Number of protein chains: 2
Amino acid sequence: MSEQNTNALFLGPKSENHQFFRETLNMLMDEHIYWRRDFHPDDKACISHKEQRTEDFCATMDNIQEALYDLSNKLKNSSMPWFSTRYLGHMNTDVLMPGVLGYLAGILYNPNNCAYEGSPATTGMELEVGIQLGTMMGYDPEKTWGHITSGGTVANYEALWYARNLENIPFAIKSVIPTFFGECDDWQLLNLSIEETIDALDVVKKEGLLTEVLKDLRYTGCDSDKMGKLLIPQSRHYSWDKAVDIFGIGSKNLIQIKVTENYRMDIDHLKETIDRLIESKTPILAVVAVVGTTEEGAVDDIHKIIEIKEMYKKQGVNFYFHIDAAYGGYARTIFIDEQNKFIDYNKLKTRLSKENFINKSTKWPNRDVYEAFKAMPHADSITIDCHKMGYIPYPAGAIALKDKRILDILAYNAPYVEGKNDPLLLGPYIMEGSKAGAAAGAVWVTHRIIPLNITGYGKIVARSIEAADCFNDRIIKMEPFVAANGKKYIVAPLTMSDINIVVFAFNEVGNVNLDKMNDINEKIYNRCSYVSGPVYYKRFITSKTILTTEEYGDIPYSFVDDLNIPRKEWDRVQKVFVLRACIMSPFLANNTSFKEYWDRFIKIMQEIIDE
Amino acid sequence: MSEQNTNALFLGPKSENHQFFRETLNMLMDEHIYWRRDFHPDDKACISHKEQRTEDFCATMDNIQEALYDLSNKLKNSSMPWFSTRYLGHMNTDVLMPGVLGYLAGILYNPNNCAYEGSPATTGMELEVGIQLGTMMGYDPEKTWGHITSGGTVANYEALWYARNLENIPFAIKSVIPTFFGECDDWQLLNLSIEETIDALDVVKKEGLLTEVLKDLRYTGCDSDKMGKLLIPQSRHYSWDKAVDIFGIGSKNLIQIKVTENYRMDIDHLKETIDRLIESKTPILAVVAVVGTTEEGAVDDIHKIIEIKEMYKKQGVNFYFHIDAAYGGYARTIFIDEQNKFIDYNKLKTRLSKENFINKSTKWPNRDVYEAFKAMPHADSITIDCHKMGYIPYPAGAIALKDKRILDILAYNAPYVEGKNDPLLLGPYIMEGSKAGAAAGAVWVTHRIIPLNITGYGKIVARSIEAADCFNDRIIKMEPFVAANGKKYIVAPLTMSDINIVVFAFNEVGNVNLDKMNDINEKIYNRCSYVSGPVYYKRFITSKTILTTEEYGDIPYSFVDDLNIPRKEWDRVQKVFVLRACIMSPFLANNTSFKEYWDRFIKIMQEIIDE
């Protein structure tokens, strides 16, 4: 089999593959058109040619076309040019052609994956994709389960739903079968391992008491005073703050774990926090880690969390562990070989440089990032967004579970049906109801073409990491430069990102005022975003974020220090405005023209900085 | 302006409008292709012609096309033929061409409506659509707010989120400003009207204390023991059962209100329940009514609920009132004239029959249904699914609020920004995060073409109601018929649906065994669904439901009685298996060939019944 050519997978920044795209979309459309015609070929048409020639018929069609032109105009006037290498902002770039064409094809058939009956074709695809994603996370394909959500936010909610209900399950079992756990006290019941809880549920199921236990579980509702704590790093996505509100948990039960200098969860602080909770006999609802923070691209040290999780297990303390890998999930494919094995560190380094994925000079991945990705299958569930690093159009988030038996606690109709060929109602096991089967079709067809390993997705994601590394490297090596306004400027990166996000800021040489520095960068952002008018006329487009002491403590100080801002300024202003580039584009890496790209970028900055 | 021709709005059961569809999709696709090319025309291509001719490039493209053919094959093999008049099952039919083409166009640009920055074009459309839907519900366009959700389930969750947080707001205010409510006791605080609560929040906002109040609100979390009761009819959608679990409310706080013989909420039972709650000083979290129950198409007597709501208000008892009109929402357009006024009853009847929307013989709407739709703007929020009676592809649910100031309680970043031209971050005000702007484009462009009144959507929905009425009428008038097996059968409808759902069942003449009758109908369903193989080869496709005493008490008894099943059989079996046809097709009504359609339907039934 020929190697995958990444450039053939996208429509391209200049619609380079437009002939293929047009031909294939027309094929898919015609397939649908004739499918309708061929359903009971003898059925008569409902609309006659004669009617099609009438005045009101033609006028209605004119209206449709005019309105669609107007929609097209609006889309063209102010949509974000994700496809271009001039766009380095949010988690967007060009999407994969099979993904977009698969999505378009799916929408023509309009399946609803809520119930098998509404989508015999695409429900199966969704479940298949779920197992693929679980397997990609290192879960046992026989035990994992996953599905597509409208986005990572809903996937995170579902994880919290599992965690909260799993915490309550032992009490529901005890209430139905008082002798079930023998002499266990409440603290012990709150500290059963997830496996023990699911095993208990299995016993209950075999005894035919599942329905009764679920009834009890759902009857009680929430008591936020008795609920355990949710431990999550400061760098978390804000959906977690919405989550604790929605689930009735309350922010009082959300404990923010500090981050280290590289914006990863501070493991010492995590340990201290857990010790403190154990001391006061406060249960832990869940620990959540992030693989690919949305602001900094940091990868939490999953392996270290697993290590302490094992340590506490020996002390009889257990908790649910979820990974929010909405952004970073697909990056795990880089570490997986053609036999679906996690590649040895040295072998990986060799392959990455030998097979020309990543320049020899690139140090990625360092040992921590490697070990973190390796340890992921120890988590109870993982959020992975196909519409982020899966390069699929919106909406297509996803969640994967280690142990599909967890579904029993959600079942809103019949208990979970075993076996993959059984028609499965998704609705009773998920937060959402009606949902597009088109998303499943898009992901399914893309996974068919692009293996979830180093030869497929790994290659695409590695290219983006390589590009980010080049970008970061140029920033570090950048000498002070003179802008069009005659002043001199420097630029520095926030940190070495663990994947492909580069956060950076400019400062005027000699400036020691943080407000002024923030102002310089805010102005750059304004000129490089929708803020100052349609992006179609921008020469560079990026995104921004603000790092505050409230969210990050003094961690960002070392960064402002790199830009020659003194400590007392940091203490005074307590926030830094930064530019944020998620470098997902597959068209920047291994590119002999990167120098040209960088020169153009700096030229634009020179011209617009403080103009 | 010419009248809208409904047949010109759909691709058609036989792809009758395929030329238009193909031409327009190609136009939209080319617009996108050239948009990319025209973004900085001097930027070089990233993929060369030479590379496009290489072996691996061609092989990759071959892979994409082969996989997409495979996807297409699977879609064609087992997708539901919603478009055909042979499909009368779930809430599906052909979708509107502007909706599907708008969706396809949107996906090409892949906007993300979570943040304005990801979708300058489509965020505005989503907010515009939100106001349109609110206005369609009778809300003041200046005060309403709405947005698109992934589905009705999430819209219902959001309503419960508002209701639960509004109940807690007075306590949060009191905690921050102890003197705010003077001498009010807890019972009074629990019974502030929604308006009073929002007004109080406005005062707090003006005093600059909103952030502090929200912090307090979110800090506490849920205590299901202190939480009020959620009152909802037995006929509710099962998403409400998931909702009370997710929100930590617990099923103990969900009170099912009985339904009447026509499957509408029993107002007397509602009143008794409220009286009982007042007596024990138990607060009411919310009352939820349904406009278009998913099983029976029943429309709850909204006007009567509003009446008693006003009555209790005088007694100092208030509650949040939400309408789940996920299915029935768009039917309100039938009642709205060109000047956006709710049409007088007699004038409506005249227009419906004179303008040939509905046959003169059709009694729809009866006075109750009319008054129910009229009273809808008194609700605090309403769920309306564009992907149901809005004839838009999945996913496109929606919620509309009477008073947009409610958003203040959700704001997860800056407080709500006033004014429609302000770039608005949707993310902080909604449950979901990343979300397709394509859905907004689809609904927006469709609303541009099809007015949300009797001349536009009203005409389409009325056609479906007319078809349901014809179908129902034929069932009622149907004489006992002889099937291919030589036995005689009768058929009866469950009730006169309030909109366009017809539920019915067959029985063998002389059979008085309910198990046997259930078996007859289950077998029909099996033969008319995916259960017995690909639906592409079915001659008729429908859906089913089971009405049980557990869910409905003895209400279904009168129906089984119509089919000559004695009372003792109902008491013994306690459930009836029925066929359920949501008649959304615009191609059945006002159709001179309805007789032909019915004859074919009965012929199919004769052949497959008990074969």
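The values are calculated or read from the model by the stated rules, or taken from the named source; none is laboratory data. Small disclaimer: the values here were computed from a predicted structure and weren't measured. So basically every Cβ, Gly included, is an ideal-geometry build from the backbone, and we count neighbours across all protein chains shown.
Summary table below
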quantity	calculated
Only listed residue being of a type outside the set (A, V, I, L, M), closer than 18 Å to B:GLY106 by Cβ and out of contact with any His (no Cβ under 6 Å at 6 or more places or on another chain), chosen from A:TYR157, A:TYR116, A:TYR103	A:TYR103
Segment A:428-448, residues that are in a helix (DSSP H, G or I) and crowded, with 24+ Cβ neighbours inside 10 Å	A:GLY437, A:ALA438, A:ALA439, A:ALA440, A:GLY441, A:ALA442, A:VAL443, A:TRP444, A:VAL445, A:THR446, A:HIS447
Residue among A:LEU75, A:LEU68 that is free of Cβ contacts under 8 Å to residues at least 12 places away in the same chain, within 26 Å of B:PRO13 (Cα to Cα) and assigned to a helix (DSSP H, G or I)	A:LEU68
Residue in segment B:182-204 that is over 27 Å from B:GLY292 (Cβ atoms) and within 14 Å of chain A (Cβ to nearest Cβ) present	no
Qualifying residue in segment B:569-579 (condition: at pLDDT below 95, polar (S, T, N, Q) and surrounded by fewer than 18 Cβ atoms within 10 Å (Cβ to Cβ))	no
Meets criteria (among the polar types (S, T, N, Q) and farther than 23 Å from B:GLY297 by Cα) for B:ASN453	no
Of the criteria (1) crowded, with 24+ Cβ neighbours inside 10 Å; (2) polar (S, T, N, Q); (3) over 19 Å from the mean Cα position of the chain (by Cα), which one A:ASN262 fails	(1)
Looking only at segment B:120-129, and only at residues there that are more than 7 Å from every other protein chain (Cβ to nearest Cβ) and either of a type outside the set (D, E, K, R) or free of Cβ contacts under 8 Å to residues at least 40 places away in the same chain (or both), the one that is farthest from B:THR545 (Cα to Cα)	B:GLY124
Neighbours by Cβ (under 7 Å, 6+ apart or cross-chain): first from segment B:91-119, facing chain A (nearest Cβ under 7 Å); second of a type in the set (Lys, Arg)	B:ASN112/B:LYS435
Those residues of segment A:141-168 which are among the aliphatic types (A, V, I, L, M) and closer than 19 Å to A:THR123 by Cα, in sequence order	A:ILE148, A:VAL154, A:ALA155
Matching residues in segment B:454-465 - criterion: being crowded, with 22+ Cβ neighbours inside 10 Å and either assigned to a helix (DSSP H, G or I) or within 12 Å of chain A (Cβ to nearest Cβ) (or both)	B:TYR457, B:GLY458, B:LYS459, B:ILE460, B:VAL461, B:ALA462, B:ARG463, B:SER464, B:ILE465
So B:THR197, is it at pLDDT 95 or above, in contact with a helix residue (DSSP H, G or I) (Cβ under 9 Å, 6 or more places away or on another chain), under 20 Å from A:ASP245 (Cβ atoms) and not acidic (Asp, Glu)	yes
Which listed residue is surrounded by fewer than 24 Cβ atoms within 10 Å (Cβ to Cβ) and more than 30 Å from B:TRP598 (Cβ to Cβ), from B:PRO480, B:PRO451	B:PRO451
Any chance B:ILE33 is in contact with a His (Cβ under 6 Å, 6 or more places away or on another chain), surrounded by 15 or more Cβ atoms within 10 Å (Cβ to Cβ) and either modelled with pLDDT of 95 or more or not aromatic (Phe, Trp, Tyr) (or both)	yes
Number of the condition not met by A:LYS488 [criteria: (1) in contact with a Gly (Cβ under 9 Å, 6 or more places away or on another chain); (2) over 19 Å from A:ARG600 (Cα atoms)]	(2)
Qualifying residue in segment B:242-249 (condition: in contact (Cβ under 8 Å) with a residue 12 or more places away in the chain and either surrounded by fewer than 21 Cβ atoms within 10 Å (Cβ to Cβ) or more than 10 Å from every other protein chain (Cβ to nearest Cβ) (or both))	no
Residues located in segment A:205-228, provided they are within 14 Å of another protein chain (Cβ to nearest Cβ), surrounded by fewer than 21 Cβ atoms within 10 Å (Cβ to Cβ) and not in a helix (DSSP H, G or I)	A:ASP223, A:SER224, A:ASP225, A:LYS226, A:GLY228
Members of segment A:27-45 that are facing chain B (nearest Cβ under 7 Å) and either under 23 Å from B:THR24 (Cα atoms) or among the hydroxyl-bearing types (Ser, Thr, Tyr) (or both)	A:LEU28, A:MET29, A:GLU31, A:ILE33, A:TRP35, A:ARG36, A:ARG37, A:ALA45
Residues satisfying the stated conditions in segment B:57-82, i.e. of a type in the set (Ser, Thr, Tyr) and within 7 Å of chain A (Cβ to nearest Cβ)	B:THR60, B:SER72, B:SER78, B:SER79
Odd one out for B:GLU117, checked against (1) within 22 Å of A:PRO395 (Cβ to Cβ); (2) at pLDDT 95 or above; (3) charged (D, E, K, R)	(2)
Breaking point among (1) out of contact with any Asp or Glu (no Cβ under 9 Å at 6 or more places or on another chain); (2) of a type outside the set (A, V, I, L, M); (3) touching a residue at least 24 places away in the same chain (Cβ under 8 Å), for A:SER543	(1)
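Results for (1) over 30 Å from A:ILE284 (Cβ atoms); (2) modelled with pLDDT of 95 or more; (3) exposed (fewer than 15 other Cβ atoms within 10 Å of the Cβ), shown as yes or no for each residue.
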| residue | (1), (2), (3) |
| --- | --- |
| A:LYS304 | no, yes, no |
| A:ASN318 | no, yes, no |
| A:PHE321 | no, yes, no |
| A:ALA326 | no, yes, no |
| A:LYS341 | yes, yes, yes |
| A:ASP344 | yes, yes, yes |
| A:ILE358 | yes, no, no |
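Residue-wise test of (1) acidic (Asp, Glu); (2) out of contact with any strand residue (DSSP E or B) (no Cβ under 8 Å at 6 or more places or on another chain); (3) modelled with pLDDT of 95 or more.
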| site | (1), (2), (3) |
| --- | --- |
| B:GLU418 | yes, yes, no |
| B:LEU426 | no, no, no |
| B:ALA442 | no, yes, yes |
| B:ILE450 | no, no, yes |
| B:ASN453 | no, no, yes |
| B:GLY458 | no, no, yes |
| B:ARG463 | no, yes, no |
